[in-house]
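First the structure, then my questions, so here it is.
The values are calculated or read from the model by the stated rules, or taken from the named source; none is laboratory data. All of these numbers come straight from a predicted model, not from anything done at the bench. Cβ atoms come from the backbone with ideal geometry, glycine included; neighbour counts cover every protein chain shown.
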């Protein structure tokens, strides 16, 4: 049998990388105050300006305080209160302004879901006004956010990353017979491992892949990796996919039926066609029976189309999530709820998902 390892952002977080949505926001504001500092340091005339795709900053007079120091010691809110009267600034794009202000956004799936909600709202507007100018601006702004994310992740990947021995062991671990229901118990040895990486980073290659392949080969097992949403080091060949991937949602058909391709620019299913990755995943699923192991992926709605294809595949005979635990709690329930939402056949959910007492924490 085979093993499919679904890797999400929690995997990178477990290795100490700052890859949360809030980390990208911090990266944005740190760069913002860097530019303010540069304007102040190099000021030779009135009204110096910095401008990029997401922000415009104009310095009106010399600043007598160090904004970077205030940011580091007192936080963002306090630092922003010191901006005027020395600086005027404007955040570009309604969508970027919106997600910066929504405190409930914690994960990347929340950003993708917010984009999808905004898209649905634009659908109603376009039906009434027969104009897609606002929609074009939304997609342009969303593209700029993707570029910001790429810069942030590239900056993170410069840092050294240490191998986690528990994660290493669990990647190679042969599924336990108790992971399978009595209907699906299957005499097996582990033949092939596919790491399906939903991250854009190459943490696995940097830390694990060579040693994994070496040890697996001793047991006549192969290990391979697919960056299903793009590879930060090879975006020219494997471009970033960031958007929405829930074709089971009730609004999805309305978006398709509106018959305007601007609405489909960030549909994951369409963007999967720009590489062989999706077809390669389907080929792996069809090879043999497999266990789907989840490491750091929330299994949220923005990947529901692909996850439904995996979880309800006839060869998928077990789904085992690794969860995150802290003092007084864990997120096993949240992951299981999200996995449940990816099913249309609930009886197969009950049959395939491994119960908590047989699961483990990621680290």
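Can you list the helices (runs of 4 or more DSSP H) lying wholly within the range 205-315 that have 1 or more residues being at pLDDT 95 or above?
Qualifying helices (runs of 4 or more DSSP H): 268-271, 277-287, 304-311.
Which condition number in (1) modelled with pLDDT of 90 or more; (2) more than 30 Å from residue 217 (Cβ to Cβ) is the one that residue 129 fails?
Evaluating residue 129 over (1) modelled with pLDDT of 90 or more; (2) more than 30 Å from residue 217 (Cβ to Cβ) leaves (1) as the failure.
Output the number of residues of the range 50-82 satisfying the condition of being touching a helix residue (DSSP H, G or I) at 6+ places or on another chain (Cβ under 8 Å) and either without any contact (Cβ under 8 Å) to a residue 60 or more places away in the chain or in a helix (DSSP H, G or I) (or both).
Counting residues in the range 50-82 that are touching a helix residue (DSSP H, G or I) at 6+ places or on another chain (Cβ under 8 Å) and either without any contact (Cβ under 8 Å) to a residue 60 or more places away in the chain or in a helix (DSSP H, G or I) (or both) gives 15.
Okay, moving on. Would the range 9-22 turn up any residue that is assigned by the TED database to the domain that holds residue 335, in a strand (DSSP E or B) and under 30 Å from residue 205 (Cα atoms)?
Scanning the range 9-22 turns up no residue that is assigned by the TED database to the domain that holds residue 335, in a strand (DSSP E or B) and under 30 Å from residue 205 (Cα atoms).
Out of all the residues in the range 208-222, is one or more exposed (fewer than 15 other Cβ atoms within 10 Å of the Cβ) and touching a residue at least 60 places away in the same chain (Cβ under 8 Å)?
no
Could you check the range 50-79 and list, in sequence order, the residues that are surrounded by 12 or more Cβ atoms within 10 Å (Cβ to Cβ) and under 27 Å from residue 142 (Cβ atoms)?
If the condition is that a residue be surrounded by 12 or more Cβ atoms within 10 Å (Cβ to Cβ) and under 27 Å from residue 142 (Cβ atoms), then 50, 51, 52, 53, 54, 55, 56, 57, 58, 71, 76, 79 are the ones that fit.
Also: Anything in the range 316-327 that is touching a helix residue (DSSP H, G or I) at 6+ places or on another chain (Cβ under 9 Å), closer than 17 Å to residue 361 by Cα and not in a loop (DSSP other than H, G, I, E, B)? List them, or say none.
Result: 319, 320, 321, 322, 323, 325.
Exactly one of (1) assigned to a helix (DSSP H, G or I); (2) more than 19 Å from the chain's Cα centre (by Cα) is unmet by residue 88. Its number?
Condition (1) is where residue 88 drops out.
Looking only at the range 311-339, how many residues end up being within 23 Å of residue 177 (Cβ to Cβ), surrounded by fewer than 21 Cβ atoms within 10 Å (Cβ to Cβ) and touching a strand residue (DSSP E or B) at 6+ places or on another chain (Cβ under 6 Å)?
4
Which ones in the range 81-97 are within 18 Å of residue 38 (Cβ to Cβ) and surrounded by 15 or more Cβ atoms within 10 Å (Cβ to Cβ)?
82, 83, 86, 87, 89
Can you tell me which residue within the range 187-204, out of those that are assigned to a loop (DSSP other than H, G, I, E, B) and surrounded by 14 or more Cβ atoms within 10 Å (Cβ to Cβ), is modelled with the lowest pLDDT? Give the steps one after another, and end with the answer.
Taking the range 187-204 as the starting set, the residues that turn out to be assigned to a loop (DSSP other than H, G, I, E, B) are 187-191, 198-202.
Applying the additional criterion that residues be surrounded by 14 or more Cβ atoms within 10 Å (Cβ to Cβ) yields 188, 190-191, 198-202.
On the way: 188: 63, 190: 86, 191: 90, 198: 98, 199: 98, 200: 98, 201: 97, 202: 96.
Among them, the one singled out is 188.
Given the conditions (1) farther than 17 Å from residue 306 by Cβ; (2) in contact with a strand residue (DSSP E or B) (Cβ under 7 Å, 6 or more places away or on another chain); (3) free of Cβ contacts under 8 Å to residues at least 60 places away in the same chain, and given that residue 226 satisfies all but one, which numbered condition is not satisfied?
Only one criterion is unmet by residue 226, namely (1).
Please determine whether any residue of the range 342-352 is in the same structural domain as residue 307 (by the TED database), surrounded by 11 or more Cβ atoms within 10 Å (Cβ to Cβ) and either within 24 Å of residue 165 (Cα to Cα) or under 20 Å from the mean Cα position of the chain (by Cα) (or both).
yes
Take residue 128 and decide whether it is assigned by the TED database to the domain that holds residue 322, farther than 18 Å from residue 294 by Cα and either under 23 Å from the mean Cα position of the chain (by Cα) or assigned to a helix (DSSP H, G or I) (or both).
For residue 128, the condition - assigned by the TED database to the domain that holds residue 322, farther than 18 Å from residue 294 by Cα and either under 23 Å from the mean Cα position of the chain (by Cα) or assigned to a helix (DSSP H, G or I) (or both) - is not met.
Can I ask one more? How many residues, within the range 133-160, are surrounded by 18 or more Cβ atoms within 10 Å (Cβ to Cβ) and over 19 Å from the mean Cα position of the chain (by Cα)?
So the count comes out to 2.
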